[in-house]
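Peer 1: Pasting a structure here, questions to come.
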Amino acid sequence: MYHSTENLILKLRHYCAYQDRSQQEVEQKLFKLGANEQQSGEVILHLIQEGFLNEERFAKSYARGKFRMQQWGRMKIINGLRSKNVSEPLIQIALKEIDEEEYLKTLEHLIRKFYGKSEDVQKTKQNLLARGFEYELVLSVIGFLDL
């Protein structure tokens with residue numbers, strides 16, 4: 001399927017305006033639309049210059065959203081950002097979007113929720129580790145709550 005560079009820019013502006021996207025997601029979309037390498041480079045450069053594509057903004061938005069909406073821990077957020085080919089420095093910047101106090105409150109809430117369902121500390125730990133919370137932190141908070 002052939003699209004002009006201008007047409008691709010219009011399509012990708014809409015795609016990026018709908019929600020923040022990583023550069024990798026934009027590259028995949030361009031590939032699906034049949035763009036060649038030169039067109040992809042031009043479109044991505046154009047989107048960056050216009051502010052439609054910003055990897056730092058994407059990383060911050062991703063970290064905030066996955067923590068607040070999905071209640072993911074830092075490890076799962078890090079792995080998600082790595083899977084989108086976000087650089088390590090930007091991952092560290094994105095993690096600063098998560099308020100430490102809110103993080104601990106969320107962890108405590110999830111511990112009470114999971115423990116209340118099963119009354120099994122091991123299952124509770126497994127659930128929290130699967131959500132990406134750090135092992136030492138999980139043990140510490142479970143110990144503090146004295147389950």
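Peer 1: So, with a 1.4 angstrom probe, what is the percent of accessible area on the chain that is carbon and sulfur?
Peer 2: Carbon and sulfur: 50 percent of the exposed surface of the chain.
Peer 1: Per residue, how many Å² of accessible area does the chain show with a 1.4 Å probe?
Peer 2: Here the per-residue accessible area is 60 Å².
Peer 1: Something else about it: Can you tell me, using C-alpha contacts under 8 Å and at least 6 residues apart, the relative contact order of the range 1-120 as a whole percent?
Peer 2: The normalised contact order for the range 1-120 reaches 24 percent.
Peer 1: Roughly how many debye, to the nearest 20, is the charge dipole of the range 92-147 about its Cα centre, given +1 on each Lys and Arg Cβ, -1 on each Asp and Glu Cβ, and no other charges?
Peer 2: My answer is approximately 320 debye.
Peer 1: If you don't mind, there's one more thing I want to ask. Got the relative contact order for the range 102-146 handy, in percent, Cα pairs under 8 Å and 6 or more residues apart?
Peer 2: 36 percent.
Peer 1: If you don't mind, another one. Cross-link partners among aspartates and glutamates for LYS123, C-alpha distance below 14 Å, same-chain residues fewer than 8 apart left out?
Peer 2: Reachable aspartates and glutamates: none.
The values are calculated or read from the model by the stated rules, or taken from the named source; none is laboratory data. Because the structure is a prediction, the values reported are computed rather than measured. Counting neighbours? That spans all protein chains shown, and the Cβs are built from the backbone with ideal geometry, glycine included. All accessible areas refer to the heavy atoms of the entire protein, side chains included, with ligands and DNA or RNA removed. Shrake-Rupley method; radii C 1.70, N 1.55, O 1.52, S 1.80 Å.
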